[in-house]
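The values are calculated or read from the model by the stated rules, or taken from the named source; none is laboratory data. All of these numbers come straight from a predicted model, not from anything done at the bench. Heads up, the Cβs are rebuilt from the backbone with ideal geometry, glycines too, and the neighbour counts pull from every protein chain shown.
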Amino acid sequence: MFPAFQPEEQQFLSRVRDFVATEVLPNTRAWEDATAFPKEIWPKLGAVGLLSMTLPKELGGGGYSCTTYVEACRELAKGDPALSMNIAAINALCVAHIAEFGTPEQKEKYLPGIIKGDIKLAWGLTEPDAGSDARRVKSQATPVDGRDGFFHLNGEKMFITNGGQADLIITIANVDPSISADGKSAFLMETNQEGWKFRERIHTIGVRASNTVRFDMDNALGWHTPCTFAQATGLLFRGRLGIAAMAVGIAEKAHELAIEYSKQREQFNRRLCDMQSVQNMLADNEVEIEAARLLLHKGAALYDMEQNVVKESSIAKLYASEVANRVTNRAIQIHGGRGMTFEYLVEKLWRDAKLTEIGEGCSEIQRMVIAKQITK
Ligand SMILES: Cc1cc2nc3c(=O)[nH]c(=O)nc-3n(C[C@H](O)[C@H](O)[C@H](O)COP(=O)(O)OP(=O)(O)OC[C@H]3O[C@@H](n4cnc5c(N)ncnc54)[C@H](O)[C@@H]3O)c2cc1C
């Protein structure tokens, strides 16, 4: 089977599949209704190894490949897309940030709690006036007198996944160019401090269980993780593969449900799956999902070979996210009126799929990245 996994990776993925079957899929509706994951989920995610998948073993993580990481995100999305999105971001943007740019003191202080799920994470780049054009961030970091490595953070952040539960947020802000060559850097900011001010919970049409928030920073204390803006946002290349995996998982689940339904439902004295128009939809789903999965695995394999995946991660995310939206739309069509009711999961997958065309760079930005890579 492609891709091939080491026995340890197979065991991990088998644990993930069991976890999805017993703890995730049965709760996906309840979490959406509560618009939150239960607090108890974090230590469970830690015990399965989902909070430190790609963290090197010497730092206490699983040390798994990018291929294993995307497979885990894909499996999670089949159970709950919002959870998949959270896990994708926590691993690729937060834990990876600390592993790459954190100082030994920062790693020692935070990693053990992160791995177990005691310290919950978020990644804060987007602001009200800085979305696709992330360089427009206005948040400002200024050194704290007499405290080497510590800065005061001022500004506001918006659309921050898990921001409502996070204990620690990796925050991007402007700095003096003497500190970072491109004038921006990243900081570890604890939320349990006066300077961090929750502003509002943002309710979205999909991935509703994800605790998306807007917050202000009013002289919040941030611990500098020395890196440039380009380095910090460079983590998005693997991150986008995680979102592509989420999209493939959503599409696979919707496709599975559509096939099942089309085999049971009869009209005009035959099953839906025996009608050519329905067969066309199912065949298109099958082909497009297969193509999306292959692009995803290609990107992950190249990452594992330490190759540049700027173009490949955008291709995988762009294609997989558009496939997820088409497939979930067709899945509703095949379910007919029932597909529009809250009784059938396809409507939720359709709503959740939309995020994959927007988060970690909307489709237009992915096309821009791809075009730039092939015309440089
Ligand atoms: C549920 C959710 C969770 C998120 N989680 C996080 C998170 O954890 N951390 C974080 O930092 N951010 C997060 N985001 C923010 C996300 O990355 C941004 O929403 C996204 O990058 C788009 O930015 P924007 O919403 O400001 O849209 P804008 O940048 O205002 O763009 C709006 C639209 O304009 C078009 N557009 C923009 N620029 C171009 C261009 N150059 N060429 C052509 N068309 C263009 C696109 O159609 C785009 O969809 C999250 C967003 C959502 C919805």
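Taking the criterion of being over 28 Å from Ser314 (Cα atoms) and touching a strand residue (DSSP E or B) at 6+ places or on another chain (Cβ under 8 Å), would at least one residue in the stretch 229-246 satisfy it? Looking for residues that are over 28 Å from Ser314 (Cα atoms) and touching a strand residue (DSSP E or B) at 6+ places or on another chain (Cβ under 8 Å), one finds none in the stretch 229-246, hence no. Just one of the listed residues (Ala77, Ala92) is within 16 Å of the ligand (Cβ to nearest atom), more than 16 Å from Asn162 (Cα to Cα) and either part of a helix (DSSP H, G or I) or under 20 Å from the mean Cα position of the chain (by Cα) (or both), and it is Ala77. Applying the condition of being assigned to a loop (DSSP other than H, G, I, E, B) and closer than 18 Å to Lys44 by Cβ to the stretch 103-124 and asking which residue is farthest from the ligand (Cβ to nearest atom) yields Asp118.
Every residue, every condition in (1) closer than 19 Å to Thr228 by Cα; (2) aliphatic (A, V, I, L, M), yes or no:
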| position | (1), (2) |
| --- | --- |
| Leu76 | no, yes |
| Ile87 | no, yes |
| Gly102 | yes, no |
| Lys120 | no, no |
| Lys138 | yes, no |
| Thr142 | yes, no |
| Phe151 | yes, no |
| Ile169 | yes, yes |
| Asp176 | yes, no |
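Considering Ile160, Ile170, Ile115, the condition of being in contact with a His (Cβ under 8 Å, 6 or more places away or on another chain) and either of a type in the set (A, V, I, L, M) or surrounded by 16 or more Cβ atoms within 10 Å (Cβ to Cβ) (or both) is satisfied by Ile170 alone. Among the residues making up the stretch 154-194, a single one is among the hydroxyl-bearing types (Ser, Thr, Tyr) and in contact with an Asp or Glu (Cβ under 7 Å, 6 or more places away or on another chain): Thr191. For the stretch 78-98, indicate whether the set of residues that are in contact (Cβ under 8 Å) with a residue 40 or more places away in the chain and surrounded by fewer than 16 Cβ atoms within 10 Å (Cβ to Cβ) is non-empty. No. Beta carbons closer than 6 Å, at least 6 apart along the sequence or on distinct chains, pair a first residue in the stretch 128-148 that is at pLDDT 95 or above with a second that is in a helix (DSSP H, G or I) for Asp129/Arg136; Ala130/Arg136; Ser132/Ile365.
Residues are listed down the side, and each one gets a yes or a no for (1) without any contact (Cβ under 8 Å) to a residue 12 or more places away in the chain; (2) surrounded by 24 or more Cβ atoms within 10 Å (Cβ to Cβ); (3) outside the structural domain of Gly155 (by TED's automatic domain parsing):
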| position | (1), (2), (3) |
| --- | --- |
| Glu200 | no, no, no |
| Val207 | no, yes, no |
| Val248 | no, yes, yes |
| Glu252 | no, no, yes |
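Looking across the stretch 195-212 at every residue that is more than 9 Å from the ligand (Cβ to nearest atom), touching a strand residue (DSSP E or B) at 6+ places or on another chain (Cβ under 8 Å) and not in a strand (DSSP E or B), the one that is nearest to Asp80 (Cα to Cα) is identified as Asn211.
State which residue is farthest from the ligand (Cβ to nearest atom) when the search covers only the stretch 341-354 and only residues that are part of a loop (DSSP other than H, G, I, E, B) and of a type in the set (Phe, Trp, Tyr). Only one residue fits best here, namely Tyr344.
For the stretch 36-58, the set of residues classified as part of a loop (DSSP other than H, G, I, E, B), touching a residue at least 12 places away in the same chain (Cβ under 8 Å) and either touching a strand residue (DSSP E or B) at 6+ places or on another chain (Cβ under 6 Å) or not hydrophobic (A, V, I, L, M, F, W, C) (or both) consists of Lys39, Gly49, Ser52, Thr54, Pro56, listed by residue number. A search for C-beta distances below 8 Å between a residue of the stretch 361-376 that is closer than 22 Å to Leu93 by Cα and any residue that is within 6 Å of the ligand (Cβ to nearest atom), counting only pairs 6+ apart in sequence or on different chains, returns Gly361/Ser132; Cys362/Ser132; Glu364/Ser132; Ile365/Ser132; Val369/Gly361.
When the test is whether a residue is among the polar types (S, T, N, Q), crowded, with 19+ Cβ neighbours inside 10 Å and within 30 Å of Pro38 (Cα to Cα), Thr191 passes it. You will find that of Glu322, Glu357, the residue that is of a type outside the set (A, V, I, L, M, F, W, C), within 16 Å of the ligand (Cβ to nearest atom) and touching a residue at least 40 places away in the same chain (Cβ under 8 Å) is Glu322 and no other. Any residue that is of a type outside the set (S, T, N, Q) and closer than 26 Å to Tyr303 by Cβ - is there at least one of those in the stretch 32-40? Within the stretch 32-40 (the criterion being of a type outside the set (S, T, N, Q) and closer than 26 Å to Tyr303 by Cβ), the answer is no, since none of the residues qualifies.
Rundown of residues vs (1) charged (D, E, K, R); (2) closer than 18 Å to Tyr261 by Cβ, yes/no style:
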residue	(1), (2)
Leu294	no, no
Asp304	yes, no
Asn308	no, no
Ala320	no, no
Ala331	no, yes
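Within the option set Glu100, Glu156, being of a type outside the set (S, T, N, Q), outside any strand (DSSP E or B) and at pLDDT 95 or above holds for one residue only, Glu100.
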